[in-house]
Amino acid sequence: MAPLLSICLVNWNTRDYLRACLQSIRDTTTDLGPEVIVVDNASADGSVGMVAGEFPEVTLIANEENLKYARGNNQALEASHGAYKLLLNPDVVLLPGAVAELLAALERHPQAGAVAPRLVHPDGSSQLSCRTFPDPAALAYEALGLARLFPRSRRFGAYRMSWWAHADERRVDQPMASAFMLRASALDDVGVFDDDFPIFFNDVDLCRRLVDAGHEVWFTPRAEVIHHVGASTRQVRRAMIAESHRSLLRYYEKHYRGRINPLAYHGARALIRLGGAARDLLARLRGYC
């Protein structure tokens with residue numbers, strides 16, 4: 001029989017985080033009998049041996065080269081069989097009851113194609129994990145510094161939703177996919193990740209396609225997971241900053257070109273390039289690799 005739930009992870013050189021994540025899956029989801037799939041993107045830190053030796057119940061796909069996050073997740077999704085798919089970053093630790101609460105949220109909201117939990121730091125403080133879609137106005141407020149000056153403003157703080165305490169269950173545009181549960185039927189409707197977004201904005205693009213297809217995306221604070229931010233990406237931080245801005249430009253090309261005022265479209269792309277150059281300069285000054 002097909003499992004109710006498939007849990008999919010993509011790993012790159014985060015062996016110890018991955019071990020803790022898999023142990024939390026084992027500790028908190030035994031009653032659900034999930035199918036667990038790990039895709040390893042050519043790690044050099046012994047991740048593959050650790051998974052094979054310590055978690056024999058896991059389906060392990062060991063790539064010979066780094067196929068990046070989007071394609072790795074697609075490998076896992078294509079190998080999965082569950083009616084629900086839980087995407088987890090390896091730097092996440094599931095807290096007791098979190099997965100059951102995500103499943104319950106999808107039951108409460110029949111139109112929901114996906115739901116995300118509250119992400120918390122190891123000290124228990126909440127992370128701002130939900131954002132609106134990055135329309136030109138939101139980018140302008142970020143670039144002009146208005147979002148930082150007025151974080152409690154629903155207008156200026158709209159993109160990062162910094163005015164909201166992440167304390168109530170609600171529909172959102174795009175939660176971080178560090179922990180993200182999807183209905184298989186919704187994925188069948190819109191397709192898996194777009195490989196044109198190898199590391200960043202693949203989750204934003206997926207949420208955009210879900211919403212455009214009539215599915216809802218929800219956030220619930222009833223489910224909590226610990227998230228150690230950026231375990232993989234901070235290994236090559238400067239390169240990731242550049243890739244983030246390249247992906248945002250791709251996102252604008254795909255979802256905004258020809259659909260909004262040309263002045264707003266080209267202005268937003270100019271702000272993205274300017275922001276990328278500024279962040280790259282700052283990364284150089286800080287000595288990031």
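The values are calculated or read from the model by the stated rules, or taken from the named source; none is laboratory data. Predicted model only: the values in this text are computed from it and were never measured. Heads up, the Cβs are rebuilt from the backbone with ideal geometry, glycines too, and the neighbour counts pull from every protein chain shown.
Here GLY33, GLY72 are screened, and the one residue that is buried (at least 20 other Cβ atoms within 10 Å of the Cβ) and small (Gly, Ala, Ser) is GLY72.
I'd like to know if segment 52-59 contains one or more residues that are part of a loop (DSSP other than H, G, I, E, B) and of a type in the set (Phe, Trp, Tyr). Looking for residues that are part of a loop (DSSP other than H, G, I, E, B) and of a type in the set (Phe, Trp, Tyr), one finds at least one in segment 52-59, hence yes. Only one entry of GLN174, GLN75 meets the criterion of being modelled with pLDDT of 95 or more, touching a helix residue (DSSP H, G or I) at 6+ places or on another chain (Cβ under 8 Å) and within 21 Å of LEU206 (Cα to Cα), and that entry is GLN174.
So which residues in segment 77-104 are under 23 Å from PHE193 (Cα atoms), over 15 Å from the mean Cα position of the chain (by Cα) and of a type in the set (A, V, I, L, M)? Across segment 77-104, the qualifying residues are ALA79, ALA83, VAL99, LEU102, LEU103. The single residue among ALA147, ALA158 that is outside the structural domain of GLU216 (by TED's automatic domain parsing), at pLDDT below 95 and touching a Lys or Arg at 6+ places or on another chain (Cβ under 7 Å) turns out to be ALA147.
Only one entry of LEU182, LEU206 meets the criterion of being closer than 16 Å to LEU87 by Cβ, in the same structural domain as LEU95 (by TED's automatic domain parsing) and assigned to a helix (DSSP H, G or I), and that entry is LEU206. Being surrounded by 12 or more Cβ atoms within 10 Å (Cβ to Cβ) and either of a type in the set (A, V, I, L, M) or part of a loop (DSSP other than H, G, I, E, B) (or both) is the filter here, so list the residues in segment 256-269 that pass it. The answer is TYR256, ARG257, ILE260, ALA264, ALA268. Once segment 4-44 is narrowed to residues that are in a loop (DSSP other than H, G, I, E, B) and under 23 Å from the mean Cα position of the chain (by Cα), the residue that is nearest to GLY97 (Cα to Cα) is THR29. For segment 66-111, residues that are aromatic (Phe, Trp, Tyr), within 18 Å of LEU4 (Cα to Cα) and either in a helix (DSSP H, G or I) or free of Cβ contacts under 8 Å to residues at least 60 places away in the same chain (or both) total 0.
Among the residues of segment 39-50, at least one is closer than 12 Å to CYS8 by Cβ, of a type outside the set (Asp, Glu), touching a residue at least 12 places away in the same chain (Cβ under 8 Å) and in contact with a helix residue (DSSP H, G or I) (Cβ under 9 Å, 6 or more places away or on another chain).
Each row is one residue, and each column tells you yes or no for (1) touching a Pro at 6+ places or on another chain (Cβ under 9 Å); (2) surrounded by fewer than 22 Cβ atoms within 10 Å (Cβ to Cβ).
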residue	(1), (2)
ALA167	yes, yes
MET176	no, yes
ALA179	yes, no
ARG183	no, yes
ASP189	no, yes
ASP196	no, yes
LEU206	no, no
VAL211	no, yes
